Structures are given as C-alpha cells and as structure tokens.
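Right, one structure below, let's go through it.
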C-alpha cells in the first residue's frame with residue numbers, strides 16, 4: 001500500500017532515534033498499556049487495510065482493556081528505506097501473537113512516524129474472530145458468510161454444509177454467548193493458526209448450559225481480510 005501523507009501535527013512526536021527506535025518505543029508503550037504513547041508515534045495520515053488512525057486507536061484501547069499490559073519483543077529487524085520488518089512476540093493476559101510486523105514509515109524533520117502496518121495482522125485476525133462471535137451471539141448468518149473462506153473445509157464438511165448447519169442451529173437452538181478465555185495466534189503474511197480456549201453458554205437462566213473447550217482454527221488472508229478456512233465444529 002502506497003502512502004503520500006506526512007501530516008504530522010501537534011500531538012505526534014515520532015521517534016528521533018531512527019526506525020529501530022520506533023520498535024523500542026512501542027515496546028515501552030505496550031509494557032504500560034499506553035495507547036496514547038503508541039499514537040504519539042503514528043502519523044495523522046495513518047492508513048492500513050483495517051482503516052485509519054481512529055480505527056487503530058479503537059483497536060489499541062480495546063486490546064489493552066482486554067489483555068492489559070503487554071510484553072512486546074522483536075527479533076531480526078530489517079530496515080530498507082521507509083520499510084521496517086521484524087518478527088515479534090506479543091504477550092498479554094490470556095493473549096499471545098507470534099508473527100511478522102511490517103511497518104511503513106515516514107520521516108518528518110528529525111523524527112520518524114508510522115504511516116501503516118501497526119499490528120495489522122493480529123488486529124485483522126481479532127476482527128475476524130469478533131465477527132464470528134457476534135454472528136453466533138446475534139444469530140446473524142451474514143456475519144459468518146463474510147468471514148468464511150470459499151475454500152473452507154472443516155470436520156463437518158465444506159462452506160455450504162457449515163452455513164446450512166449454522167442456519168439450523170440459529171433458528172432452532174437456544175441463544176448463545178461465546179467468551180474467549182485465551183487466544184493464541186501464530187501467523188505469517190498469508191495464513192494463521194489460532195487456538196482459542198473458550199466458554200460457550202447455551203440458553204438463559206437456570207436452563208443454561210456451559211461448555212468449556214479449546215478449538216484450533218485455520219485462517220488465510222483473502223480478498224482484503226482474514227477468513228476462516230478450517231476448524232469450526
């Protein structure tokens with residue numbers, strides 16, 4: 001994705017220590033669960049496949065609210081012109097991500113700013129999992145269809161068979177709530193493996209049933225978003 005904005009204004013400090021200094025500043029901000037400190041490194045014209053700076057801020061605040069202070073560690077940083085790539089390990093309360101980080105940077109004066117790519121992979125995967133959860137809880141089959149790959153193959157068959165079963169479950173089954181207790185993501189730029197430990201609540205009140213289990217999902221980046229390709233029961 002190409003970017004031309006260098007719209008740094010008051011409220012964005014960037015990092016004067018070069019591109020790799022950005023990573024060190026991010027590590028410090030994540031240790032403190034400080035979304036504001038992260039955003040100080042982000043250009044006003046930030047844009048990635050999920051949206052702009054406002055969407056990034058929402059995602060960061062949600063991550064810190066759910067997972068708390070997070071340990072971010074990077075290895076093998078590669079800096080070429082305005083592109084910084086690294087393998088990162090991100091850990092929080094009930095959360096882990098291992099995979100690539102690809103930051104597009106811009107220089108304004110003596111400081112560097114992030115213009116794209118900040119946690120784009122884990123944020124995109126979390127967005128897909130959120131759509132799946134909301135589809136289940138709201139009985140909205142359309143949400144499922146948006147995040148299911150056309151190539152889906154799971155224990156119960158292909159995409160069409162899964163959608164038929166989901167429609168039947170939504171129509172005939174009890175209301176559901178899905179609470180993710182632990183989320184582990186391993187990814188590269190094209191595919192991901194997600195392990196979720198979850199609590200599924202069926203029904204309401206004294207008639208409700210609680211099911212605790214773990215699922216292993218496979219995802220692939222297709223048509224501008226992460227889509228589930230396998231693992232749904």
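Quick note: the coordinates plus some simple rules give every number you see, no bench work behind them. Quantities reported herein were computed from a predicted structural model and do not represent experimental measurements. Cβ: placed from backbone, ideal geometry, glycine included. Neighbour counts: every protein chain shown.
Before moving on, here are some points about what is shown:
- Shape of the chain from the C-alpha gyration tensor: prolate (a/c of 1.5 or more and a/b above b/c, with a ≥ b ≥ c the square roots of its eigenvalues).
- Rough spin-label spacing in nm, given labels placed 7 Å along Cα→Cβ, for residue 163 and residue 134: 2.0
- Mean separation of Cα pairs under 8 Å and 6 or more residues apart, divided by the residue count, gives the chain a relative contact order of 15 percent.
- Between helix 159-172 and the chain there is an angle of about 60 degrees, using the helix long axis and the longest principal axis of the Cα atoms.
- Ranked list, fewest to most other Cβ atoms within 10 Å of each Cβ, for 125, 179: 179, 125
- Sequence-distant contacts, meaning Cα pairs under 8 Å at least 6 residues apart, place the relative contact order of region 66-139 at 20 percent.
- Gyration tensor verdict on region 100-233 (Cα atoms; rounded if a/c is under 1.5, prolate if a/b is larger than b/c, oblate otherwise): prolate
- Residues 78, 166, sorted so that the one with the fewest Cβ neighbours within 10 Å comes first: 78, 166
- Estimated 222 nm signal from helices in the chain, with DSSP H stretches of n ≥ 4 weighted -39500 (n - 2.57), rounded to 500: -10000 deg cm²/dmol
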